[in-house]
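Please read the structure below before turning to the comments.
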Amino acid sequence: MDRTIVHMDLDTFFVSVERLINPGLEGKPVIIGGTSDRGVVASCSYEARRFGVHSAMSMRMARQLCSQAVYVRGDMELYSRYSRLVTEVIAESAPLYEKASIDEHYIDITGMDRFFGCYKWTHELRQRIIKHTGLPISFGLSANKTVSKIATGQAKPNGELQVSNPQIHPFLDPLSIRKIPMVGDSGYKLLRSMGVSTIGTLRLVPPVMVEQVLGKNGIVIWRKANGIDPTPVKPYTEQKSISSEHTYEQDTTDMLQLHQTISAMVEKLAFEMRSKEKLTGCVTVKIRYANFDTHSQQKQIPYTAFDHILLDTILGLFEKLYSRRMLIRLVGVRFSHLVGGSQQLNMFEDTPEMANLYQTMDNIRRRFGKDVVGRAGGFSDKKIKTLSK
């Protein structure tokens, strides 16, 4: 049976949320991110893009290109709340969906109806999202994730596009190779050096040659250019998580030791999330007393993968949870509500030093091992197991 996959993407998500809160921003060039010259652009409106502004650009450059823009400091807590609202609407109707990032969802509606029926169902879902949240959203509907995602890009802003199986090659062929997921700047330059600029041209290149140029991902990219992508829609559940637990050889009430253990767990879990380009939207702390009574407490948070944000929240939950002052046998930490996302830069901060520090430490860990660098507060306890669910 041919698959039917929907890709939904909220248009200029951060900007759209800010315009809901402040309608006066409508129609104006809006740039969101750190507000000092040392900050970077997290998102910008289509009006600002016409001036050449784009995400990850320095605020200094953005101001030179578009001095008349309205500059807004981002609010991740607000954006996370609206992201969850959209997910709730989708969850009420979709048989199988995947939350790919804070503003993207894939939905598998294979077999639900004939193709036109699937389009009608998706159109009605999009209208419900717009009505319930007030946010503009676009979708692409096709046979797999790659084609539907590219179709969404072509449907923007705030549009809809279906690409049936017979239309896949005619649709993809004239588009730039930049439209293919996984083709970054270096891959683009390598392909252009071969004289390949469109997806149709790439489709005709022998796959062995593409692999020689682009390495192990070359075959995957060539298949995407041919409209081939068997990647399944992965069911999204709030329980999807990564966790870590530590059982003490001797039960303890030593707060320094407990904090060191928790710090080490948070650091390792956060590093694993960043390595997998994941963010967490919910944290949980668990303690087990010497008499085996087990208690836990959780809290929804703005999506993040940064140690210092997670650790403050986790330690706060631990202090609330540990009220009996009994000996503790086990402590555990869990990050759930995981979504895809790269938080290489904390784009709402005015100084990038903290993000650069994370990048440097992560690079050291990948090269020399996870335990070679870390917070002093977590270095006394290195025998911690990580569990992924």
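The values are calculated or read from the model by the stated rules, or taken from the named source; none is laboratory data. In this text the structure is predicted, and so the values were computed from the model without any measurement. Heads up, the Cβs are rebuilt from the backbone with ideal geometry, glycines too, and the neighbour counts pull from every protein chain shown.
Ser148 passes every criterion in (1) within 22 Å of the chain's Cα centre (by Cα); (2) part of a loop (DSSP other than H, G, I, E, B) apart from (2).
Would you call Ile328 crowded, with 18+ Cβ neighbours inside 10 Å and over 30 Å from Pro235 (Cα atoms)?
Spelling it out, Ile328 is indeed crowded, with 18+ Cβ neighbours inside 10 Å and over 30 Å from Pro235 (Cα atoms).
Exactly one residue out of Leu125, Leu141 is of a type outside the set (Val, Ile, Thr), at negative phi, outside any helix (DSSP H, G or I) and assigned by TED's automatic domain parsing to the domain that holds Glu98: that is Leu141. For region 241-252, the count of residues that are outside any strand (DSSP E or B) and surrounded by fewer than 20 Cβ atoms within 10 Å (Cβ to Cβ) is zero. Scanning region 111-122 for residues that are among the hydrophobic types (A, V, I, L, M, F, W, C) and part of a loop (DSSP other than H, G, I, E, B) turns up just one, Met112. The set of residues from region 12-54 being surrounded by fewer than 17 Cβ atoms within 10 Å (Cβ to Cβ) and polar (S, T, N, Q) comprises Asn22, Thr35, Ser36.
A search for C-beta distances below 9 Å between a residue of region 29-40 that is without any contact (Cβ under 8 Å) to a residue 12 or more places away in the chain and any residue that is surrounded by 24 or more Cβ atoms within 10 Å (Cβ to Cβ), counting only pairs 6+ apart in sequence or on different chains, returns nothing. Just one of the listed residues (Val163, Val220) is among the hydrophobic types (A, V, I, L, M, F, W, C) and either modelled with pLDDT under 95 or over 28 Å from Trp121 (Cβ atoms) (or both), and it is Val220. Applying the criterion of being among the hydroxyl-bearing types (Ser, Thr, Tyr) and at pLDDT below 90 to the residues of region 323-352, the residue that is nearest to Glu104 (Cα to Cα) is Ser342. For first residues located in region 202-226 and closer than 23 Å to Asn165 by Cβ, partners that are in a helix (DSSP H, G or I) and hydroxyl-bearing (Ser, Thr, Tyr) and lie 6+ apart or on another chain with Cβ distances below 7 Å form the pairs Lys224/Thr146. Residues considered: Ile180, Ile219, Ile168. Of these, the only one that is closer than 13 Å to Ser142 by Cβ and assigned by TED's automatic domain parsing to the domain that holds Ala100 is Ile168. Residue selection: Ser55 satisfies the criterion of being under 27 Å from Gly140 (Cα atoms), in a loop (DSSP other than H, G, I, E, B) and under 18 Å from the mean Cα position of the chain (by Cα).
Looking at (1) under 24 Å from Phe14 (Cα atoms); (2) surrounded by fewer than 18 Cβ atoms within 10 Å (Cβ to Cβ); (3) of a type in the set (Lys, Arg), can you tell me which one Lys145 breaks? Going through the list (1) under 24 Å from Phe14 (Cα atoms); (2) surrounded by fewer than 18 Cβ atoms within 10 Å (Cβ to Cβ); (3) of a type in the set (Lys, Arg), Lys145 breaks only (2).
Quick grid of which residues meet (1) aliphatic (A, V, I, L, M); (2) assigned by TED's automatic domain parsing to the domain that holds Pro23; (3) in contact (Cβ under 8 Å) with a residue 60 or more places away in the chain; (4) in contact with a strand residue (DSSP E or B) (Cβ under 9 Å, 6 or more places away or on another chain):
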{"residue": "Ala42", "(1), (2), (3), (4)": "yes, yes, yes, yes"}
{"residue": "Glu47", "(1), (2), (3), (4)": "no, yes, no, yes"}
{"residue": "Arg50", "(1), (2), (3), (4)": "no, yes, no, no"}
{"residue": "Cys66", "(1), (2), (3), (4)": "no, yes, no, yes"}
{"residue": "Val70", "(1), (2), (3), (4)": "yes, yes, no, yes"}
{"residue": "Glu92", "(1), (2), (3), (4)": "no, no, no, no"}
{"residue": "Asp103", "(1), (2), (3), (4)": "no, no, yes, yes"}
{"residue": "Ile107", "(1), (2), (3), (4)": "yes, no, yes, yes"}
{"residue": "Thr110", "(1), (2), (3), (4)": "no, no, yes, yes"}
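Restricted to region 83-110, and to residues that are crowded, with 18+ Cβ neighbours inside 10 Å and in a loop (DSSP other than H, G, I, E, B), which residue is farthest from the chain's Cα centre (by Cα)? Of everything passing the filter in region 83-110, Ile109 is farthest from the chain's Cα centre (by Cα).
Residues of region 224-232 include none that is of a type outside the set (D, E, K, R), exposed (fewer than 14 other Cβ atoms within 10 Å of the Cβ) and part of a helix (DSSP H, G or I).
From the list Leu161, Leu125, the lone residue that is within 20 Å of Ile228 (Cβ to Cβ) and in contact with a helix residue (DSSP H, G or I) (Cβ under 8 Å, 6 or more places away or on another chain) is Leu161.
Filtering Ile90, Ile109, Ile137 for residues that are of a type in the set (Val, Ile, Thr) and farther than 24 Å from Val15 by Cβ leaves a single hit, Ile109. Residue count for region 112-124 satisfying the condition of being closer than 16 Å to Ser142 by Cβ and free of Cβ contacts under 8 Å to residues at least 40 places away in the same chain: 7. Mind checking which residues of region 128-138 are farther than 30 Å from Arg274 by Cα and either touching a residue at least 24 places away in the same chain (Cβ under 8 Å) or outside any helix (DSSP H, G or I) (or both)? Once the filter is applied, which keeps residues that are farther than 30 Å from Arg274 by Cα and either touching a residue at least 24 places away in the same chain (Cβ under 8 Å) or outside any helix (DSSP H, G or I) (or both), region 128-138 yields Arg128, His132, Gly134. Checking Val208, Val196 one by one, the residue that is more than 30 Å from Ile90 (Cα to Cα), surrounded by 13 or more Cβ atoms within 10 Å (Cβ to Cβ), of a type in the set (Val, Ile, Thr) and out of contact with any Pro (no Cβ under 9 Å at 6 or more places or on another chain) is Val196 and no other.
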